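Data block below; observations after.
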Amino acid sequence: MGFSVDVWIGLMSFGGTLLLVVVGLLNFSVFWRQLRIAQEQIQTAVRHLEIAQKQPELHLIQRAITETSDHARVLVEKPYLRPYFYEDRAWQAGDPASTDEVKAMAELLLNNFASALMHSAAFPQYPVRGIDRIIMFHLRNSPALRAFLPEHFERFPYSGLTFLCLKNHTRAEVEADLHQLIAAPGSDEAEKQRRRELLQMFQDGKSAKAVDFTKYTMEQQR
């Protein structure tokens, strides 16, 4: 028995509708997959952005490690220098190290420490915690560093006062060092005035933290 035209039209309409539904589902499936791919791409881009944002901080952390431990490489090559910077030993005639070697090592240490202090003053991300302890330890356990600092104090225009604070145990000792530096022969009037200003800054008590004096000194020079 044949179907009427109306039945055929109904079946064809149903089949067309079903086909449209199937095509729609396929399109939705493709769209869903594309959406998931897009989300993954966005997440990947966000991770790359986070890594890129952390690069300066990671660089500063790496720099901090380098600046406060670069001298270790020299001590591995010349272990006989270690007592002059870790054991509070002063150089004496007949020692295996020469005075030039000890002075060169003192210069390397203070230059690296000065750079670390200036970076901590300029960049909040710089890991200053622990750096002051390292500098304090070496200054208090090295006659070579304590001798080199006043002899070349003009070479540390930003970090000199911080060094003095970390070297000494009391405020009176810091002030005594500054008075000696002001009265020391061989400095021109501009350098003497700079040292007077450091004394005034210290006496004003702007900060309880020694490392902050580097920041204040840098800000005054801007």
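What follows is calculated from the coordinates using simple rules that are stated; it is not laboratory data. It should be emphasised that the depicted structure is a prediction, and the values quoted were computed from it without experimental measurement. Note: ideal-geometry Cβ built from the backbone for every residue, glycine included; neighbour counts use all protein chains shown.
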In whole percent, the Cα-Cα distances of region 157-208 spread across 10 Å bins from 0 upward as 25, 60, 14, 0
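Starting from the Cα-Cα distance between SER187 and GLU175, subtract it from 0.36 nm times their residue separation and give me the gain in nm to one decimal.
Full-extension gain reported as 2.5 nm.
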Taking only the alpha-carbon positions of region 71-157 as identical scatterers, the Debye log10 I(q)/I(0) at q = 0.14, 0.17, 0.24, 0.26 Å⁻¹ comes out as -0.50, -0.72, -1.25, -1.38
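Take the residue pairs LYS167/LYS192; LYS103/LYS192; LYS167/LYS215; LYS103/LYS209 and return only those whose Cα atoms are more than 26 Å apart. Could the numbers behind the result be given before it?
Working: LYS167/LYS192 21 Å; LYS103/LYS192 24 Å; LYS167/LYS215 18 Å; LYS103/LYS209 28 Å.
Checking Cα-Cα distances, LYS103/LYS209 exceed 26 Å.
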Other residues with Cβ under 12 Å from the Cβ of ALA190 give, with Lys and Arg +1 and Asp and Glu -1, a net charge of -1
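Mind sorting VAL211, VAL76, VAL102 by how few other Cβ atoms lie within 10 Å of their own Cβ, fewest first? Display every interim value, and only then the final one.
Values: VAL211 20, VAL76 9, VAL102 23.
By the 10 Å Cβ count, ascending: VAL76, VAL211, VAL102.
What net charge is computed for the residues neighbouring PHE148, neighbours being all others with C-beta under 9 Å from the C-beta of PHE148, Lys and Arg scored +1, Asp and Glu -1? Intermediate values should be presented prior to the final figure.
Numbers: positive: LYS103, ARG146; negative: GLU107, GLU151.
Taking every other residue near PHE148 into account, the sum is 0.
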